[in-house]
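Asks: Here it is, the structure in full.
The values are calculated or read from the model by the stated rules, or taken from the named source; none is laboratory data. Here the structure is a predicted model, which means the values were calculated and not measured. Reconstructed Cβ throughout: ideal geometry from the backbone, glycine too, with neighbour counts over all protein chains shown.
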Amino acid sequence: MRRLIILAFIGLVAQLVDGSLGMAYGVTSTSLLLMFGIAPAVASASVHMAEVVTTAASGVSHIRFGNVDKQVVYRLIIPGSIGAFLGACFLGSIPGDIVKPYVSIFLLLLGIHVIYRFLFKFKQTTTYDEKKLGRKHFVPLGFIAGFFDATGGGGWGPIATPVLLTSNRMEPRKVIGSVDTSEFAIAVSSTLGFLLTLGWTQINLQWVLALMIGGIIAAPIAAWLVRIIPTNLLGTLVGGIIIITNSRTILGLLDVSNTVSLVTHILLFASWIVAVVAVVIKIRKSNVSTQQAIE
């Protein structure tokens, strides 16, 4: 029961972040499930099965708040679904002990990617390029994001959202809402792939249900929060959580001493705090500049 409560809380926090940032439900949930010692394929399968419900709830919430560009959703779901299905079949056919280090490293790199994007590359703006992205952009983006989402337990949002945000073709809230809404198709495709390779017996439905409940509660709240929380601040916070969580898994696999592990975590945590402070300062400077321009 204690574990189920923890999983429900993980699902709530992960969906709260995912729905307001357009990423991190899968990455956050899978990272924490790996800490429990769950095999990568089973962890990813459980998360994606839960996401079938949580992404549907999140998509409905974003549509109601007007955060969705339907054309972007339509162009992402087909290549994304194909990539997710193939990624799930690939991961499900590999022994968990072999792939676990690589999944953790991939998630760690995603965390670094998220922080880098939102700390250095993200720019808040009110003007956008009217030229829409074409299929030649969405097909490779959807396929790659879908494949890595299934194999890493998360990656749809961390890959698709920053790419669309930095293109400066859409409002951040519509990028986040569109990526979140299209993730429903990716979750369904991944789940089908995992069920074909793993079967029902490998998946703990109680864990899936706990993750679902937490995500459903958070979905409408997150769709509202996306309008008020600075995107780059939330992105930096999430990136730090992903890095610290997966560094613990990797250090455990390397069997390093407690001293080395402690020093590494202290340095990572300190770096994370510095990054958060830098983003806060950047936001304040931007607000001051905006206020001066108005005056």
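Asks: Restricting to region 128-156, count the residues that are at pLDDT below 75 and under 19 Å from the mean Cα position of the chain (by Cα).
Replies: Within region 128-156, the subset at pLDDT below 75 is 128-135, 152-155.
With under 19 Å from the mean Cα position of the chain (by Cα) added as a condition, the list becomes 152-155.
The total comes to 4.
Asks: Exactly one of (1) farther than 20 Å from G193 by Cα; (2) at pLDDT 70 or above; (3) under 15 Å from the mean Cα position of the chain (by Cα); (4) not small (G, A, S) is unmet by V52. Its number?
Replies: (1)
Asks: Next question. Across region 92-122, which residue is surrounded by the fewest Cβ atoms within 10 Å (Cβ to Cβ) among those that are among the aliphatic types (A, V, I, L, M) and modelled with pLDDT of 75 or more? Step through it out loud before you land on a result.
Replies: Keep residues of region 92-122 that are among the aliphatic types (A, V, I, L, M), which gives 94, 98-99, 103, 105, 107-110, 112, 114-115, 119.
Retained after the next criterion (residues that are modelled with pLDDT of 75 or more): 105, 108-109, 112, 115, 119.
Values: I105: 16, L108: 19, L109: 15, I112: 13, I115: 24, L119: 19.
Per the criteria, the residue is I112.
Asks: Now, a different point. Kindly establish whether R3 is of a type outside the set (G, A, S), surrounded by fewer than 24 Cβ atoms within 10 Å (Cβ to Cβ) and modelled with pLDDT of 80 or more. Reasoning before the result, please.
Replies: Numbers: of a type outside the set (G, A, S): yes; surrounded by fewer than 24 Cβ atoms within 10 Å (Cβ to Cβ): yes; modelled with pLDDT of 80 or more: no.
No; evaluated as a whole, the condition is false for this residue.
Asks: Return a yes/no flag: does region 217-230 have any residue that is out of contact with any Lys or Arg (no Cβ under 8 Å at 6 or more places or on another chain), in a helix (DSSP H, G or I), at pLDDT 75 or above and more than 24 Å from S81 (Cα to Cα).
Replies: Looking for residues that are out of contact with any Lys or Arg (no Cβ under 8 Å at 6 or more places or on another chain), in a helix (DSSP H, G or I), at pLDDT 75 or above and more than 24 Å from S81 (Cα to Cα), one finds at least one in region 217-230, hence yes.
Asks: Taking the stated definitions as given, is T125 over 24 Å from A187 (Cα atoms), β-branched (V, I, T) and modelled with pLDDT under 80? Steps first, answer last, please.
Replies: Numbers: over 24 Å from A187 (Cα atoms): yes; β-branched (V, I, T): yes; modelled with pLDDT under 80: yes.
Spelling it out, T125 is indeed over 24 Å from A187 (Cα atoms), β-branched (V, I, T) and modelled with pLDDT under 80.
Asks: Another question, if that's okay. Scan region 241-263 and give yes if some residue there is aliphatic (A, V, I, L, M), within 25 Å of R64 (Cβ to Cβ), touching a Leu at 6+ places or on another chain (Cβ under 8 Å) and modelled with pLDDT under 80, otherwise no. Let's see the steps before the verdict.
Replies: Restricting attention to region 241-263, the residues satisfying the condition of being aliphatic (A, V, I, L, M) are 241-244, 250-251, 253-254, 256, 260, 262-263.
So of that shortlist, the ones also within 25 Å of R64 (Cβ to Cβ) come out as none.
No: region 241-263 contains no residue that is aliphatic (A, V, I, L, M), within 25 Å of R64 (Cβ to Cβ), touching a Leu at 6+ places or on another chain (Cβ under 8 Å) and modelled with pLDDT under 80.
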